[in-house]
Each structure stands twice: as structure tokens, then as C-alpha cells.
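Novice: The structure under discussion is supplied below as C-alpha cells; questions concerning it will follow.
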Amino acid sequence: MIGFLHATSPDGSTERLRGFRQGLKDIGFVEGENVAIEYRWAENQNDRLPALAADLVQRRVAVIAATSTPAALAAKTATAAIPIVFVAGEDPVKLGLVASLARPGGNLTGINFFSGELTAKRLELLRELVPAAARVAVLVNPTNAFTTETTLRDIEPAARAMRLQIKVLNASTSREIDTAFATFISERPDAVFVGLDQFLNSRRVQLVNLASRHAIPAAFSNRDIVEIGGLMSYGANIADAFRQVGVYIGRILKGAKLADLPVVQASKFELVINAQTARMLDLTVPPTLLARADEVIE
């Protein structure tokens, strides 16, 4: 039996779950046929994760899929015996999840899909798409402290180098997202940069609607936001990271030792542009950017 621990809810996780199940299938495991999965969802309340992780430990699952940084930290606290395969958006060594990427040690390994250059690169791409931008609002979730800290640490020097003014806005509830966008009426930034965060990603419909209502260009880290009308994303293919978690879990169920499973660095980074949204915002996507895009959604 596999334990699956996730910080948000099943609603917004269809593609990721599909990736996870595909990874298991690649190794020969099909849910409901030769493996059972116990799902635990924190519904965007990270403080629920420790109890949910403890519950999976109590049920004596064979392995835990901890599919976010907060979930991985909660699972690590809950057990030193059950193997844990994580998806982390930050450096897992700095987080204290593993001793090193090549030799994780302990009972954890997983997929790391974040690289410090991504934040600066995403800002650069946003500037290329909106060359007249001078002021950028940066939306982050303060409850996801480590990721927010990393995002702000990386974006501030990048913004200075591009002579961009940034204003940081915090949001950890849907009401706070509304409040952040309400400030745009008076302050009117030229673009919005949405930080990498599971909660913010789970509110993607709200974010896309607000960006559209305020007619403001916005850059995201995940392609699933661009698929529903977001302007642009640059980041790892997270559904593919979930597939890799499924593969690792399948290998552990078949007897692989954690010591033989190094942390995988996600290598698939995608630039996705929604051309229809660009037209709606009266933006001309530069041909150089179109040529570099992995996908252009019409």
C-alpha cells in the first residue's frame, strides 16, 4: 500500500495524478489491480500535514509519496523508517531532507524541480514579452516560507539589473489574492510575477480571471495556468516530476534500496505562451520569444 500526501486538493491535481499513476504503470503497478493508494489531502492547510503524515505511518504504508516541500518535511518528521519519495520545489539538501543529491542517506529521496536561475529567467522572459514594463508586482505565499524567501532572494537582484521596480504582495488565502489585485486599481503595476507555490497554483482559475479583469500581463511557473488562459509560464514540467515519483515508488516496491536512488534533478523546463491572451492584452509576442517557446497556445 502506498501513502500519497498532498498539500492541496484533488480538484486541481488531475494532470499530476495522471503522471504519478503513469510512472507506477511504467514499472508494472496499477492502482486497484496490484497496488492500493491511501490519499491524504491537506486542502491548502499546511498545518494539517503532520497529522495526515502520522495517519499514513499508523496505517503502515510501504512507502509515502510526499508531493510538495511542506508534505516532505511533515513525512520526514513522522517516520525515519518508511521510505519517502518527495517532490520538492527547492534544494532538498538546504531543506535538510537529504544529505546530498547523489547519496541522499536516511529514508528519503525524490525529485527536485527547482533551480535558482528559474526565478530570474522567468522575470527576464516577462520583461521580453512586456518590454515597456517598469513596475512589477510579485505575488508570493508567506506561509510557504522557504520558497518565498528563495523567490525574493533571486528576484531582487534580477529586477535591479533590469531596472525594474518590484512590489511584493503576500497572499495565503483566496480573499488575500482578491485584496492583492484590488491594490492594482490604484497602484497599477505593468505586470505581475506569481511565485512558485502549490496554494497559488491551486487558485489558478481565480488568478487568471483577476489578471484578465485588470488586463494585466502575468507570468507563472506552471503550464497548467497558461492552458486555462494565463499569459506565460516558465518552469519544470511538474506532471513529469510526478511521473518520476511514481517510477521511484514502483522501484522501491520491487525491492530497490533508497541508497541506490539519487535525487533526480528535473531537466525538462518549458516556456509556454498563450497567444490568445497576449492578443487580448494588446501584446505583440516577439518572434525571438515565439521561436524559443516549447508551446504556443492559440
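Novice: Looking at (1) over 14 Å from the mean Cα position of the chain (by Cα); (2) outside any loop (DSSP other than H, G, I, E, B), which is the only condition PHE199 fails?
Specialist: All conditions pass for PHE199, except number (1).
Novice: Search the stretch 182-196 for residues being touching a residue at least 12 places away in the same chain (Cβ under 8 Å) and in a helix (DSSP H, G or I), and hand back the single one that is surrounded by the most Cβ atoms within 10 Å (Cβ to Cβ).
Specialist: PHE184
Novice: On to the next question. If you go through the stretch 96-113, how many residues are in contact with a helix residue (DSSP H, G or I) (Cβ under 8 Å, 6 or more places away or on another chain) and open to solvent by less than 30 Å² (accessible area, probe 1.4 Å)?
Specialist: Residues meeting the conditions: 8.
Novice: Oh, and also: Does LEU258 satisfy being touching a Pro at 6+ places or on another chain (Cβ under 9 Å), open to solvent by 20 Å² or more (accessible area, probe 1.4 Å) and touching a residue at least 60 places away in the same chain (Cβ under 8 Å)?
Specialist: Criteria met by LEU258.
Novice: Continuing with this model, one more query. Among the numbered criteria (1) surrounded by 19 or more Cβ atoms within 10 Å (Cβ to Cβ); (2) among the β-branched types (Val, Ile, Thr); (3) more than 15 Å from the chain's Cα centre (by Cα), which single criterion is violated by THR179?
Specialist: So THR179 meets the others, but not (1).
Novice: With PRO142, PRO131 as the choices, which residue is open to solvent by 40 Å² or more (accessible area, probe 1.4 Å) and in contact with a strand residue (DSSP E or B) (Cβ under 9 Å, 6 or more places away or on another chain)?
Specialist: PRO142
Novice: In the stretch 157-197, which residue that is at pLDDT 95 or above and among the acidic types (Asp, Glu) is nearest to LEU73 (Cα to Cα)?
Specialist: Top of the filtered list is GLU176.
Novice: If we keep just the residues of the stretch 65-106 that are among the charged types (D, E, K, R) and in a loop (DSSP other than H, G, I, E, B), which is modelled with the lowest pLDDT?
Specialist: GLU90
Novice: Additional query: Here are some conditions: (1) under 17 Å from the mean Cα position of the chain (by Cα); (2) within 20 Å of ASN144 (Cβ to Cβ); (3) open to solvent by less than 70 Å² (accessible area, probe 1.4 Å). ALA78 meets all but one. Which one does it not meet?
Specialist: Only one criterion in (1) under 17 Å from the mean Cα position of the chain (by Cα); (2) within 20 Å of ASN144 (Cβ to Cβ); (3) open to solvent by less than 70 Å² (accessible area, probe 1.4 Å) is unmet by ALA78, namely (1).
Novice: Still on this model: Having 1 or more residues that are modelled with pLDDT of 95 or more, over 30 Å from ARG103 (Cβ atoms) and out of contact with any helix residue (DSSP H, G or I) (no Cβ under 8 Å at 6 or more places or on another chain) is the bar; report the strands (runs of 3 or more DSSP E) wholly within the stretch 210-280 that clear it.
Specialist: Fully inside the stretch 210-280 and qualifying: nothing.
Novice: Kindly indicate whether ALA53 is of a type in the set (A, V, I, L, M), in contact (Cβ under 8 Å) with a residue 40 or more places away in the chain, touching a Lys or Arg at 6+ places or on another chain (Cβ under 9 Å) and part of a helix (DSSP H, G or I).
Specialist: Spelling it out, ALA53 is indeed of a type in the set (A, V, I, L, M), in contact (Cβ under 8 Å) with a residue 40 or more places away in the chain, touching a Lys or Arg at 6+ places or on another chain (Cβ under 9 Å) and part of a helix (DSSP H, G or I).
Novice: Hey, can you tell me all the residues within the stretch 150-167 that are part of a loop (DSSP other than H, G, I, E, B) and either of a type outside the set (Lys, Arg) or touching a strand residue (DSSP E or B) at 6+ places or on another chain (Cβ under 7 Å) (or both)?
Specialist: Result: MET162, LEU164.
Novice: Taking MET232 and the conditions (1) buried (at least 21 other Cβ atoms within 10 Å of the Cβ); (2) without any contact (Cβ under 8 Å) to a residue 40 or more places away in the chain, which numbered condition does it fall short on, given that it satisfies the others?
Specialist: With (1) buried (at least 21 other Cβ atoms within 10 Å of the Cβ); (2) without any contact (Cβ under 8 Å) to a residue 40 or more places away in the chain applied to MET232, the lone miss is (2).
The values are calculated or read from the model by the stated rules, or taken from the named source; none is laboratory data. Just so it is clear, the structure is predicted and the values come from calculations on it, not from any experiment. With ideal geometry, Cβ positions are generated from the backbone for all residues, glycine too; neighbour counts draw on all protein chains shown. In case anyone asks, the SASA skips ligands and DNA or RNA and just uses the protein heavy atoms, side chains included. Shrake-Rupley method; radii C 1.70, N 1.55, O 1.52, S 1.80 Å.
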